[in-house]
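Structure first, commentary second.
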Amino acid sequence: MLSSQTLRLLAFAAFLFAAAVAADGVIDLSEDSFEKEVGKDRGALVEFYAPWCGFCKKLAPEYEKLGASFKKSKSVLIAKVDCDTHKSLCTKFGVSGYPALKWFPKGSLDPKKYDGDRTAEALAEFVNSQGGTNVKIAAVPSNVVVLTPENFAQVVLDQTKDVLVEFYAPWCGHCKELAPTYEKLATAFKLDEDVVIANLDADKYTDLAEKYGVSGFPTLKFFPKSNKDGEAYGGGRALDDFVSFINDQCGTSRDGNGKLAPNGGIVSSLENLVKEFVAGGDDERKAVLARMEEEVGQLKGNHAKYGEIYVKSARSCMQKGSDYPKNEIQRLERLLEKSISEVKADQFTLKKNILSTFV
């Protein structure tokens, strides 16, 4: 029989999964969930798509806008089905090309095909007419910094920031395909003050595009703190590719959802000092703490911020005893299981990761 704690953890995990699936308001459907969600007490617009389909990729940012706008509606569901994964479901509803958009009226599994424009506004107009709603397309907040000639130098040439810039053109199909991934990248690193994910309309601001040798779209250039001439980005364009690049170049430790990895906050230059501190007696610990404070005083950027956590952790160990790191880690893990802000989650995870080196 499962313990109450295990049940709570399973429930919490299920909640996180559901939240992730519906984070943008577009629900992912499968054979198991389709008839539980569609054909019931609300109408549903369903996109049948394939991950490799170029037209599907172009539609993605518009469909996400639609989902975000209808997210709170109780009368309409915005959903999608991956036809590579759920072939039988797509065959059942006569899908032969991608993307196929079908409207399922309330209480019906007999869909109506949508053949209109594939903009968020046009889709919303159709859904409103079919579902009896009056929802407007919401302006989706963006974490991508929009560059212009007025702010380019201030943002990109700031020697305290690592900046990735996408030079794009509004009419460019590849740029439209990249847009939702690029937004997810910016969202993943929004809490890292030293990292900026930005873009520039190179079709509008041709002088800046020419200055940095932009001849095709999209062109991605990385401007690290140490080189403001710009370096061409030649990596992959999947979210994981971008995340790995930023982590490698900027010393960050995040995943595609913006969560800190277990090594987030760890400063390698302090590892030996921590080992000496843990192994030493009271007098030795005082001496090691003094050396740690001196070392942290020479750190810069995020490492300086992380270093302060090391120093505070060492002081707390001296004041509260050798069990402090283990007890504090357990307390932080309980807090992280609660519904807390992203900023708090970052703070608690950093402290937990660093404290683990003192155990």
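The values are calculated or read from the model by the stated rules, or taken from the named source; none is laboratory data. Since the model is a prediction, treat every value here as computed from it, not as a measurement. Don't worry about glycine lacking a Cβ; one is built from the backbone with ideal geometry, like all the others, and counts go over all protein chains shown. Please note that ligands, DNA and RNA were not included when accessible areas were found on the heavy atoms of the full protein model with its side chains. Shrake-Rupley method; radii C 1.70, N 1.55, O 1.52, S 1.80 Å.
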Restricting to region 117-130, what's the tally of residues that are under 21 Å from Cys90 (Cβ atoms) and at pLDDT below 95?
1
Scanning region 236-258 for residues that are open to solvent by 40 Å² or more (accessible area, probe 1.4 Å), part of a loop (DSSP other than H, G, I, E, B) and within 28 Å of His174 (Cα to Cα) gives Arg237, Ala238, Asp255, Asn257
Starting from residues that are among the small types (Gly, Ala, Ser) and surrounded by 16 or more Cβ atoms within 10 Å (Cβ to Cβ), keep the ones in region 162-208 and report whichever is farthest from Ala139 (Cα to Cα).
Ala202
Across region 209-234, what is the number of residues that are assigned to a helix (DSSP H, G or I) and surrounded by fewer than 17 Cβ atoms within 10 Å (Cβ to Cβ)?
2
Taking the condition touching a residue at least 24 places away in the same chain (Cβ under 8 Å), closer than 29 Å to Asn247 by Cβ, of a type in the set (S, T, N, Q) and exposed (fewer than 15 other Cβ atoms within 10 Å of the Cβ), does Thr148 pass?
yes
Check every one of the helices (runs of 4 or more DSSP H) wholly within region 30-97 and list those with 1 or more residues that are of a type in the set (S, T, N, Q) and more than 27 Å from Gly132 (Cβ to Cβ).
87-92
Quickly run through region 308-346 and pick out the residues that are in a helix (DSSP H, G or I), among the polar types (S, T, N, Q) and surrounded by fewer than 18 Cβ atoms within 10 Å (Cβ to Cβ).
Ser316, Gln319, Asn327, Gln330
Could you list, in sequence order, all residues of region 95-139 that are hydroxyl-bearing (Ser, Thr, Tyr) and open to solvent by less than 40 Å² (accessible area, probe 1.4 Å)?
Ser108, Tyr114, Thr133
